[in-house]
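I have placed the structure first, in the form of structure tokens, so that the comments after it can refer back to it.
The values are calculated or read from the model by the stated rules, or taken from the named source; none is laboratory data. Because the structure is predicted, anything quoted here is derived from the model rather than measured. Note that each Cβ is placed from the backbone with ideal geometry, even for glycine, and that neighbours are counted across all protein chains shown. Protein only, heavy atoms only, side chains kept; ligands, DNA and RNA dropped before computing areas. Shrake-Rupley method; radii C 1.70, N 1.55, O 1.52, S 1.80 Å.
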Amino acid sequence: MKAIVYTKYGSPNDLQLKEVEKPAPKDNEVLVKIYATTVTPGDAIVVKGDPFPVRFFSGLLEPKHKIPGKEMAGRVEAVGKNVTQFQPGDEVFGDLTVCGLGAFAEYVSVPENAIALKPANLTFEEAAAVPESAIVALQGLRDHGKIQAGQKVLINGTSGGVGSYAVQIAKSFGAEVTAVCSTRNLDMARSIGADHVIDYTQEDFTQNGKEYDLILAANGYHPISDYRRALSPDGTYVATGGSMAQTFEAMLQGPIISMRGSKKMGNMLVKPNKNDLLFIKNLIEAGKVVPVIDRSYPLGDIPEAFRYLQEGHAQGKIVITVHQAEPDNSPYLPIAIPAVSERLLDETRR
Ligand SMILES: NC(=O)c1ccc[n+]([C@@H]2O[C@H](COP(=O)([O-])OP(=O)(O)OC[C@H]3O[C@@H](n4cnc5c(N)ncnc54)[C@H](OP(=O)(O)O)[C@@H]3O)[C@@H](O)[C@H]2O)c1
């Protein structure tokens, strides 16, 4: 099979497509023919081995897992003899962080608990765009942010892979959502359900005197003291991403601020798991969450996909098409952002 293989840390631009042995499923494993995967900021970190602490997980001197890639969607081709939840032909999706990566390939063999049946209303490309980003948003809002209906929630970095899910998931919990993004993404933010939008090129939400019960920082940077000022007296701030400074301030200063007052501040590391994957699948099948996809590349163009990702301005997710869906499956139509709003409007009308 074809796969992106790397044996030493380096630039994602140098990744190459190679011919490698197709895996065979062990007794507890499912062999999946991958139709689509994604490139994410986390994949770039793993490929570069930078920042250094990531190597405690990915291999100190050289990569532990030779085929990178986390998010994927595909079809079960074969199952090991102890597999009970899947059978050949099932359409599945998942985050392979929990089982040694390997999504930048035509096939992968994974334990059955790492994957779930893909949402029935999504194409493979749409489904691949879900597993990690949506779960980061869910865990940030629900588990760390303790989101409640009626709360005023602000998402900084609305237009990226994580932020676009965060807006929709916060709405599904009944929050009043303010989305922060640049001018060109204001309409997209409204189309995925934001009640209010703030253009960060025109206005600094930390300086306008407004307060929020929950702030999720998916991208960008503000000093933690500015986020603190923008919180209501019992408000919570969760940094899921953004600049290194944002991450480290939340990690180091957040717990101290939380101990000294009623505002809670900190960051989080996603914990991929099947229950949350199924939770998101339900939201998607209920029409409450729709993946936003910027563009797609073929497997061999992964370096080009990383170059685009690292410009830092993707609108939603960047998808890699590994196999084209068969004619009896729904043909791949890249979701342009206007299509997202149309689909959401359709759901609302129903
Ligand atoms: N905590 C975890 O476990 C975990 C897991 C996964 C990812 N992450 C982190 O989460 C972060 C976001 O990931 P992602 O997939 O959403 O990234 P992404 O899709 O690459 O983010 C791109 C988006 O960020 C927006 N953006 C750039 N600068 C901004 C700013 N100053 N203010 C507001 N928005 C800005 C861009 O919008 P404009 O073009 O409008 O600027 C663009 O739409 C990354 O730092 C990633 O490493 C953390």
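Mind checking which residues of region 148-167 are more than 8 Å from the ligand (Cβ to nearest atom) and closer than 25 Å to Gly209 by Cα?
Gln148, Ala149, Gly150, Gln151, Lys152, Val153, Leu154, Ile155, Ala166, Val167
Of these, Met244, Met251, which one is surrounded by fewer than 14 Cβ atoms within 10 Å (Cβ to Cβ), of a type outside the set (Gly, Ala, Ser) and within 15 Å of the ligand (Cβ to nearest atom)?
Met244
Before we move on, is Ile147 open to solvent by less than 10 Å² (accessible area, probe 1.4 Å) and at pLDDT 95 or above?
No, not satisfied.
Report, ordered by the first and then the second residue, all pairs with beta carbons closer than 7 Å, sequence separation of six or more or different chains, a first member in region 267-286 that is over 12 Å from Glu132 (Cα atoms), and a second member that is away from the ligand (no atom under 16 Å from the Cβ) and not small (Gly, Ala, Ser).
Matching pairs, first to second residue: Lys281/Pro119; Ile284/Pro119; Ile284/Asn121; Ile284/Leu122; Glu285/Pro119; Glu285/Asn121.
Would you point out the residue of region 207-228, among those that are part of a strand (DSSP E or B) and out of contact with any helix residue (DSSP H, G or I) (no Cβ under 8 Å at 6 or more places or on another chain), that is farthest from Gly157 (Cα to Cα)?
The qualifying residue farthest from Gly157 (Cα to Cα) is Asp213.
Find the strands (runs of 3 or more DSSP E) located wholly in region 229-328 whose residues include 2 or more that are small (Gly, Ala, Ser), and list them.
Fully inside region 229-328 and qualifying: 231-239.
Within region 200-231, count every residue that is open to solvent by 20 Å² or more (accessible area, probe 1.4 Å), farther than 17 Å from Gln253 by Cβ and within 15 Å of the ligand (Cβ to nearest atom).
So the answer is 8.
Go through region 153-174 residue by residue and tally those that are assigned to a strand (DSSP E or B) and under 15 Å from Asp195 (Cβ atoms).
3
Identify, please: which residue in region 168-177 is open to solvent by 10 Å² or more (accessible area, probe 1.4 Å) and out of contact with any Asp or Glu (no Cβ under 7 Å at 6 or more places or on another chain) and is, among those, farthest from Leu214 (Cα to Cα)?
That would be Ser172.
Do you know which residues across region 81-138 are within 16 Å of the ligand (Cβ to nearest atom) and open to solvent by 20 Å² or more (accessible area, probe 1.4 Å)?
Thr97, Val98, Leu101, Glu132, listed by residue number.
Answer with yes or no whether Ala189 is buried (at least 16 other Cβ atoms within 10 Å of the Cβ), within 19 Å of Ser133 (Cβ to Cβ), within 14 Å of the ligand (Cβ to nearest atom) and free of Cβ contacts under 8 Å to residues at least 60 places away in the same chain.
In short, yes.
Does region 232-239 contain at least one residue that is among the acidic types (Asp, Glu) and surrounded by fewer than 20 Cβ atoms within 10 Å (Cβ to Cβ)?
Checked against the condition, which is being among the acidic types (Asp, Glu) and surrounded by fewer than 20 Cβ atoms within 10 Å (Cβ to Cβ), region 232-239 yields at least one hit.
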